[in-house]
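Written out below as structure tokens is the structure these notes cover.
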Amino acid sequence: FPAAGEPLLSGLLKDADGSVRAAAAQSCLMAEPEPVGTGPRLMAVLGDANAEARGWAARALGQYAALGKAPAGAVEAVARLLADPEAAVRENAAMALGSLRGLPEPVASALASRVDAAGEASRDVRAAAAAALDAATPPGPAVKAALRRGFDDPEEIVRHRCLATAGHL
């Protein structure tokens, strides 16, 4: 990634246009060989009015956290997006958390709550949360109970992800 690109993307994360902020956050995630952008700026985008920007910022911060480069509190901030009103943001938050290992118990419990069809309407969020629970090591009682409930989910993809995650754990 060109050295001049990082300051450019960091500046675009503060653009007045929400779609530009979303594209900048996505570009931070997609940069090779690793995500670019400043962690504090990405953290600020987690509270953006634009749902797409929030989702991409969560994904980028998840990759930063996986590399051990995220700012303090990033994992917990991404986990708070599991309660976002937009399903796509919740799904991105779950995918971001799934890229980590050894999730803190409160984060794993928040993910576990998103596997249940009674509390989460989106099958995509339920499936992403079930897959992300693979990062909950060791799996606590809330994780095990969520996966067991997921075996009876009305959606095949959720059942499959729950079974796969249970097998891995």
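The values are calculated or read from the model by the stated rules, or taken from the named source; none is laboratory data. This is a predicted model, so every value here is computed, not measured. With ideal geometry, Cβ positions are generated from the backbone for all residues, glycine too; neighbour counts draw on all protein chains shown. Accessible surface areas use protein heavy atoms only, side chains included; no ligands, DNA or RNA. Shrake-Rupley method; radii C 1.70, N 1.55, O 1.52, S 1.80 Å.
Observations on the structure shown:
- Within the listed set Ala118, Ala79, Ala60, the Gaussian network model of the chain (springs between alpha-carbon atoms below 10 Å) gives the highest mean-square fluctuation for Ala118.
- Per-pair calculated FRET efficiency, R0 = 25 Å: Ala44 and Lys69 via Cβ, rounded to 0.05: 0.90
- Relative contact order for the chain, counting Cα pairs under 8 Å that sit 6 or more residues apart, in percent: 15 percent
- Each of Ala131, Leu42, Trp56 was placed along the dipole of the chain (beta-carbon charges, centred on the mean Cα), and the one lying farthest toward the positive end is Ala131.
- Potential extension, Ser19-Glu86 segment - 0.36 nm per residue separation minus Cα distance: 22.5 nm
- Taking max minus min of the alpha-carbon positions on each principal axis, the chain gives extents of 49, 27, 23 Å, largest first.
- Amide N of region 103-144 lying under 20 Å from the label point, which is placed 7 angstrom from the Cα of Glu156 along Cα→Cβ: 117, 122-131
- A protection proxy built from the mean count of other Cβ atoms within 10 Å ranks the segments 106-116, 42-52, most packed first, as 106-116, 42-52.
- Surface per residue (accessible, 1.4 Å probe) for the chain, Å²: 46 Å²
- For region 19-96 versus region 118-168, the gap between their alpha-carbon centres in whole angstrom: 22 Å
- The calculated FRET efficiency for Arg148 paired with Ala121, based on their beta-carbon distance and R0 = 22 Å, is about 0.60.
- Taking the protein heavy atoms of region 18-169 in the context of the full set of protein chains, the accessible area attributed to carbon and sulfur is 54 percent at 1.4 Å.
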